[in-house]
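Asker: Starting off with a structure, shown below.
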Amino acid sequence: GAKNIFLWVQYKSGRVIGPKKAQFHLDTAAPSLTSVTPKDQSVGVNPSDGIAVTFDEDVNTYASNGTKTFQMKADGEEISQSVFYDTNYRKATMYGLTYGTTYSLVIDGVRDRAGNLLQTPTISFKTKPNQPTDLKANASTGRVDLNWSAPKGAKKYNIYYRVIADTGYIPSLVKDGS
């Protein structure tokens, strides 16, 4: 709520003016996050989208104790991450994510301009696996053999096919490992 303060001014001559009443408001509310992209526990995040965290008020993104305020781990290992903070939009963004990686972001030590501390959130998510590379298709009578280099993080593959009319070709079920 509003607080009152009374001020007196004394000149060198000894003349005193006052009291003058001034009213001010104390900010005692901690900052909070208004949006986080990607959402916590998201799977299949596009690495090129990066991470965006928006605050409800302007914050100081530098911790006073010298620790990092945005602590990022990739597959459980701490990594160095550049953080860009836009004061106009109160938005912190981070880029440089890789495919097939599980990330954990801890935001710690962020304070608003009044010194109120953000409660430490943790955001975890997984980026989508990269596409296979070196795809080779070898056709023979009644079959097509596919070979590729597996990307990091891929556990299974979905193979799609299309029947072209009047070819006489009838696809069979695609099985794992064949």
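The values are calculated or read from the model by the stated rules, or taken from the named source; none is laboratory data. Model, not experiment: these values are computed from the prediction. Heads up, the Cβs are rebuilt from the backbone with ideal geometry, glycines too, and the neighbour counts pull from every protein chain shown. For the accessible areas, the whole protein counts, side chains as well, though only heavy atoms, and no ligand, DNA or RNA atoms are used. Shrake-Rupley method; radii C 1.70, N 1.55, O 1.52, S 1.80 Å.
Asker: Can you order the peptides 42-52, 132-142, 91-101 by their average number of other Cβ atoms within 10 Å per residue, highest first? Provide the component values of the computation, followed by the final result.
Answerer: Details: 42-52: 14.4, 132-142: 8.6, 91-101: 16.7.
Order by mean packing, descending: 91-101, 42-52, 132-142.
Asker: Here is a follow-up. Simple spin-label model, 7 Å along Cα-to-Cβ: ASN88 to ILE17 in nm?
Answerer: 3.9 nm
Asker: Separate question: Tell me, what % of the accessible area of the chain is carbon and sulfur with a 1.4 angstrom probe? Could you put the intermediate results ahead of the total?
Answerer: Values: 6530 of 12960 Å².
Accessible surface attributable to carbon and sulfur in the chain totals 50 percent.
Asker: Continuing with this model, one more query. Test of understanding: what is the full-extension gain from LEU26 to SER149, defined as 0.36 nm times their sequence separation minus their Cα-Cα distance? Write out the running numbers ahead of the final one.
Answerer: Numbers: separation 123, 0.36 × 123 = 44.28 nm, distance 6.02 nm.
That pair, LEU26 and SER149, stretches by 38.3 nm at full extension.
Asker: Run the numbers on the chain and let me know its relative contact order in percent, using alpha-carbon pairs under 8 Å that are six or more apart.
Answerer: Worked out over the chain, it gives 19 percent.
Asker: List the GluC sites (Glu not before Pro) in the stretch 1-103 that DSSP assigns to loop (not H, G, I, E or B) and whose Cβ has at most 16 other Cβ atoms within 10 Å. Which are they?
Answerer: GLU57
Asker: Could you tell me which of the pairs LYS91/LYS155; LYS39/LYS91; LYS3/LYS68; LYS68/LYS152; LYS73/LYS156 are separated by over 23 angstrom between their Cα atoms in the structure shown?
Answerer: Check vs 23 Å cut-off fails for LYS91/LYS155; LYS3/LYS68; LYS68/LYS152; LYS73/LYS156.
Asker: Now for a different question. At a probe size of 1.4 Å, how large is the accessible area of ARG143, to the nearest 10 Å²?
Answerer: 130 Å²
Asker: Would you calculate the separation in nanometres between label points at ASN130 and ASP56, each defined as 7 Å from the Cα along the Cα-to-beta-carbon direction?
Answerer: Rounded to a tenth, the inter-label distance reads 4.1 nm.
Asker: Right, another one. What whole-number distance in Å separates the alpha-carbon centres of the stretch 20-56 and the stretch 73-103?
Answerer: If we compute the Cα centre of each part, the gap is 15 Å.
Asker: Would you kindly find the accessible area of VAL16, with a 1.4 Å probe and non-protein molecules such as ligands, DNA and RNA excluded, rounding to the nearest 10 Å²?
Answerer: 90 Å²
Asker: Ranked by accessible surface with a 1.4 Å probe, highest first, in what order do TYR85, TYR103 come?
Answerer: TYR85, TYR103
Asker: Using the Cα centre of the chain as origin and beta-carbon charges of +1 (Lys, Arg) and -1 (Asp, Glu), tell me which of THR69, THR37, SER80 is placed farthest towards the positive end of the dipole.
Answerer: The Cα lying farthest towards the positive end belongs to THR69.
Asker: Right, another one. Of [x] 1.36; [y] 1.34; [z] 1.05, which one was derived for Rg/Rh (Cα atoms, Kirkwood Rh) from the structure shown?
Answerer: Structure-derived value, by its label: [y].
Asker: Please report, in whole Å³, the volume per residue of the convex hull around the C-alpha atoms of the stretch 48-131.
Answerer: 93 Å³
Asker: Any aspartates and glutamates with Cα under 18 Å of the LYS128 Cα? List them, leaving off those in the same chain fewer than 8 positions away.
Answerer: Filter leaves ASP40, ASP49, ASP75.
Asker: Which value, in debye to the nearest 20, describes the size of the charge dipole of the chain about its Cα centre when Lys and Arg Cβ atoms bear +1, Asp and Glu Cβ atoms bear -1, and nothing else is charged?
Answerer: I would put it at about 580 debye.
Asker: Given the protein chains as shown and a 1.4 Å probe, how many square angstrom of PHE70 are accessible, to the nearest 10?
Answerer: 10 Å²
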